[in-house]
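Student: The structure under discussion is supplied below as structure tokens; questions concerning it will follow.
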2 protein chains.
Amino acid sequence: MCQTLFENVYESSYVTGIKALAQHLDLSIGTVSRALNGKPDVKAETRRRVLAAAKELDYRPNHSGRSLRHGRTNTVGLVLETGSPSTLAGDTFFMHLVDAMQETLAEEGLDLVLLPCRSADDPIEFLRRHVTRRMVDSIVITATRRQDERIAMLLEDGTPFLALGRSETPGAYPWIDLDFAGAARDSVDALVRLGHRRIAIAAPRRDVNLAHIYMEGYRDALAAHGLPVDEALILRASGSENGGVQVAEALLRLEDRPTAVMLGQELMAIGLYSHLAQVGVQPGRDLSVIGFRQSPQLRFLSPALACFALDVRALGKEVGQAVMALSADPVAARGIGRVWPLEYVPAPSVQPPVR
Amino acid sequence: MCQTLFENVYESSYVTGIKALAQHLDLSIGTVSRALNGKPDVKAETRRRVLAAAKELDYRPNHSGRSLRHGRTNTVGLVLETGSPSTLAGDTFFMHLVDAMQETLAEEGLDLVLLPCRSADDPIEFLRRHVTRRMVDSIVITATRRQDERIAMLLEDGTPFLALGRSETPGAYPWIDLDFAGAARDSVDALVRLGHRRIAIAAPRRDVNLAHIYMEGYRDALAAHGLPVDEALILRASGSENGGVQVAEALLRLEDRPTAVMLGQELMAIGLYSHLAQVGVQPGRDLSVIGFRQSPQLRFLSPALACFALDVRALGKEVGQAVMALSADPVAARGIGRVWPLEYVPAPSVQPPVR
DNA sequence: GTTCGTCCTGTAAACGTTTACGACGCTACT
DNA sequence: AGTAGCGTCGTAAACGTTTACAGGACGAAC
């Protein structure tokens with residue numbers, strides 16, 4: 001029976017993949033495929049045999065073949081920028097986010113791969129190469145800029161994508177971002193409630209998006225409390241530890257020193273604490289400090305730093321679901337725009353000002 | 001001319017990929033492919049036209065199709081464990097390593113993708129799914145264990161792989177690892193030279209490989225100096241900041257307190273410093289401390305921590321080259337086993353013991 | 001004028017899957 | 001008895017590429 005298959009045995013000396021399975025079972029590859037994929041029109045006994053043989057021969061379907069046949073790869077890519085110290089990269093926060101994302105995606109049989117984009121790479125060319133008609137069928141971009149050409153490119157290209165971070169690039173696209181404005185507002189509220197009036201703020205350079213929104217929340221909150229905005233109290237520095245040092249230096253140089261400072265990046269606190277310690281200024285007592293995101297690296301600052309907590313795993317799941325919605329209904333997904341809440345966590349670094 | 005192509009135009013209303021290019025140019029897809037891939041047997045004028053049209057139509061070859069045709073994907077995967085605080089994940093060190101790796105791989109037209117393996121995943125099943133006959137044609141595993149079943153599986157499977165970290169799993173396979181033994185030796189040497197005799201050591205749990213080698217270097221170096229090994233000075237704790245706290249507590253509990261401690265994980269220093277500060281013990285003066293790897297998170301410790309520096313980018317390039325050697329000559333590559341040097345960086349946290 | 005070579009191009013098979021379709025045997029109904 | 005239906009399975013096309021091979025045009029050499 002089934003001579004064609006025996007012919008194949010003699011034609012190609014070494015067969016592989018599903019064909020080998022079919023030969024071994026003396027079935028057609030079509031039937032084997034159907035059995036493996038749970039299609040209804042296959043006898044229970046046959047399916048059992050196929051599954052057993054697949055396990056025995058350690059059959060694993062070729063990803064390229066499968067992707068080529070369906071129009072999709074069942075893989076979503078998350079591009080992260082190596083080299084440049086972005087908000088997300090090089091952070092346990094990020095690892096947990098990815099972990100939770102993957103958990104959600106796995107439920108739908110989707111894989112997640114991280115695409116490291118070198119700082120030397122052109123981010124546009126990088127996306128072109130990877131995304132469209134390539135390894136992944138949808139993509140998550142991180143560390144969005146206020147003007148982000150990647151978004152314009154992806155929109156034009158029609159590639160399903162999700163932005164982790166807002167942007168002012170025109171067009172409707174799905175994004176999820178942290179509530180920077182809310183964090184700024186809550187910071188101001190907490191400080192004003194304790195009696196602070198002169199509140200400094202530090203944020204990274206202008207081109208990164210969060211700085212802009214964080215600033216806006218700061219101004220709005222001050223206005224809501226009827227307080228003036230003193231431009232001298234608005235400090236610019238990089239978001240790294242070194243930026244914190246610069247902020248501390250700038251603060252101490254001010255003639256009418258503020259009684260509190262809020263930091264728009266979590267790592268700044270480390271440099272700030274360090275420099276304050278050198279000059280004998282104690283956080284909390286001499287200067288109230290509110291950081292940004294909770295981070296394991298901040299847990300050992302003394303006195304403990306007031307900052308904002310968020311449920312990373314829940315965020316990761318939300319991101320994962322948004323990505324899946326992307327594939328399911330690209331049009332509807334374009335309406336997704338979600339601000340993820342940050343919860344203020346009081347700590348001794350914030351105290352009433354000394355008069 | 002060329003009626004078959006015109007037939008295609010009317011048959012399928014919407015064509016895509018190289019076929020669309022061919023139609024647009026009124027050429028066969030074979031010729032177009034040859035022109036794009038720089039094959040010699042194509043007229044210069046034709047090649048020019050094809051290249052121009054490819055750019056105009058923004059043609060990007062389908063990865064699945066290409067991979068299916070060649071037996072390879074031109075992609076190497078690096079699996080990193082999310083969730084668990086590994087040596088590499090969640091670290092700017094790691095990002096720089098990836099950056100340098102990618103730079104090297106890009107020269108040969110290879111892509112690098114990061115495969116996040118959830119802590120909940122079975123690492124073996126994860127590898128099976130991704131590596132063999134799938135998205136990547138070679139793989140880099142990180143955070144090797146002393147007994148690592150992944151290595152055994154990959155060896156048996158025949159998948160080209162590189163281990164970032166040694167293992168005692170039998171078999172010849174390529175690996176690159178940091179010189180933990182050398183770091184331990186140099187630490188002991190530096191401390192003994194200053195007059196320290198009772199030197200404590202802290203390292204993570206036994207199952208991770210580096211701890212074992214680090215310990216061995218410690219014992220050997222002590223023996224070389226004719227010093228006894230006091231088992232009470234060998235401390236076990238996790239490699240995290242919390243581990244450092246535990247180490248500090250254990251140190252202070254010892255009846256005959258050592259004058260120095262060496263830490264097998266860079267993050268430990270943070271917790272250690274923090275706890276020492278709480279009880280008024282000053283690093284350097286009261287207890288000399290040598291950390292492990294340099295890390296931006298340690299830069300703001302005071303007094304500055306003595307630790308070990310390494311050229312991350314050079315290491316990344318070495319890893320990249322090793323991966324390429326893997327594909328070129330799998331047999332020869334199995335001999336690769338490289339210990340990457342660590343350079344001792346003195347700092348005020350190490351001083352002569354007070355008598 | 002035939003033959004040979006060179007240059008260029010088209011043809012078609014192949015990579016490993018999935019799936020629409022048809023074929024076959026069997027049961028059960030009219 | 002004929003046929004409709006169902007269950008099961010094989011066949012073959014298709015996904016987008018690459019490439020071995022063949023073939024056509026053309027010029028040069030005999």
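Student: From the residues in segment A:15-45 that are among the small types (Gly, Ala, Ser) and more than 6 Å from DNA strand C (Cβ to nearest atom), which one is farthest from A:PRO61 (Cα to Cα)?
Tutor: Filtering first and then ranking leaves A:ALA44.
Student: Let me ask another. For B:ALA250, indicate whether it is open to solvent by 10 Å² or more (accessible area, probe 1.4 Å), small (Gly, Ala, Ser) and part of a helix (DSSP H, G or I).
Tutor: Judged against the criteria, B:ALA250 is a match.
Student: What's the total number of residues in segment B:55-70 that are more than 22 Å from B:GLU107 (Cβ to Cβ) and near DNA strand D (Cβ under 10 Å from one of its atoms)?
Tutor: The number of residues fulfilling the criteria is 6.
Student: In segment B:236-266, which residues are within 13 Å of chain A (Cβ to nearest Cβ) and either under 22 Å from B:LEU191 (Cα atoms) or touching a helix residue (DSSP H, G or I) at 6+ places or on another chain (Cβ under 7 Å) (or both)?
Tutor: Matches in segment B:236-266: B:GLY239, B:GLU241, B:ASN242, B:GLY243, B:GLY244, B:VAL245, B:ALA248, B:GLU266.
Student: Which members of segment B:135-168 meet the condition of being touching a residue at least 60 places away in the same chain (Cβ under 8 Å) and either of a type in the set (Phe, Trp, Tyr) or within 14 Å of chain A (Cβ to nearest Cβ) (or both)?
Tutor: The answer is B:MET135, B:VAL136, B:ASP137, B:ILE139, B:VAL140, B:THR142, B:ALA143, B:PHE161.
Student: What residue, of A:ALA52, A:ALA35, A:ALA44, is more than 13 Å from every other protein chain (Cβ to nearest Cβ), farther than 30 Å from A:VAL208 by Cβ and crowded, with 19+ Cβ neighbours inside 10 Å?
Tutor: Exactly one of A:ALA52, A:ALA35, A:ALA44 is more than 13 Å from every other protein chain (Cβ to nearest Cβ), farther than 30 Å from A:VAL208 by Cβ and crowded, with 19+ Cβ neighbours inside 10 Å, namely A:ALA35.
Student: Yes or no: B:PHE300 without any contact (Cβ under 8 Å) to a residue 12 or more places away in the chain and surrounded by 16 or more Cβ atoms within 10 Å (Cβ to Cβ)?
Tutor: In short, yes.
Student: Would you mind telling me which numbered condition in (1) farther than 25 Å from B:LEU252 by Cβ; (2) more than 14 Å from chain A (Cβ to nearest Cβ); (3) over 15 Å from the mean Cα position of the chain (by Cα) B:LEU310 fails?
Tutor: (3)
Student: So, one more: For segment B:14-30, which residues satisfy the criterion of being on the phi < 0 side of the Ramachandran plot and within 14 Å of another protein chain (Cβ to nearest Cβ)?
Tutor: B:TYR14, B:VAL15, B:THR16, B:ILE18, B:LYS19, B:ALA20, B:LEU21
Student: Could you go through segment B:175-185 and let me know if any residue there is in contact with a strand residue (DSSP E or B) (Cβ under 9 Å, 6 or more places away or on another chain), open to solvent by 30 Å² or more (accessible area, probe 1.4 Å) and part of a loop (DSSP other than H, G, I, E, B).
Tutor: yes
Student: On to the next question. Does segment B:279-296 include one or more residues that are closer than 26 Å to B:MET215 by Cβ, open to solvent by 20 Å² or more (accessible area, probe 1.4 Å) and not in a loop (DSSP other than H, G, I, E, B)?
Tutor: No; the residues of segment B:279-296 include none that is closer than 26 Å to B:MET215 by Cβ, open to solvent by 20 Å² or more (accessible area, probe 1.4 Å) and not in a loop (DSSP other than H, G, I, E, B).
Student: Show the residue pairs meeting these rules: Cβ distance below 7 Å; 6+ apart or different chains; first residue within segment B:327-355 and under 12 Å from B:SER187 (Cα atoms) and without any contact (Cβ under 8 Å) to a residue 12 or more places away in the chain; second residue β-branched (Val, Ile, Thr) and surrounded by 15 or more Cβ atoms within 10 Å (Cβ to Cβ).
Tutor: If the second residue must be β-branched (Val, Ile, Thr) and surrounded by 15 or more Cβ atoms within 10 Å (Cβ to Cβ), no pairs are left.
The values are calculated or read from the model by the stated rules, or taken from the named source; none is laboratory data. Quick caveat, the model's predicted, so the values are computed rather than measured. Cβ atoms come from the backbone with ideal geometry, glycine included; neighbour counts cover every protein chain shown. Ligands, DNA and RNA are excluded from the accessible area calculation, which covers all protein heavy atoms including side chains. Shrake-Rupley method; radii C 1.70, N 1.55, O 1.52, S 1.80 Å.
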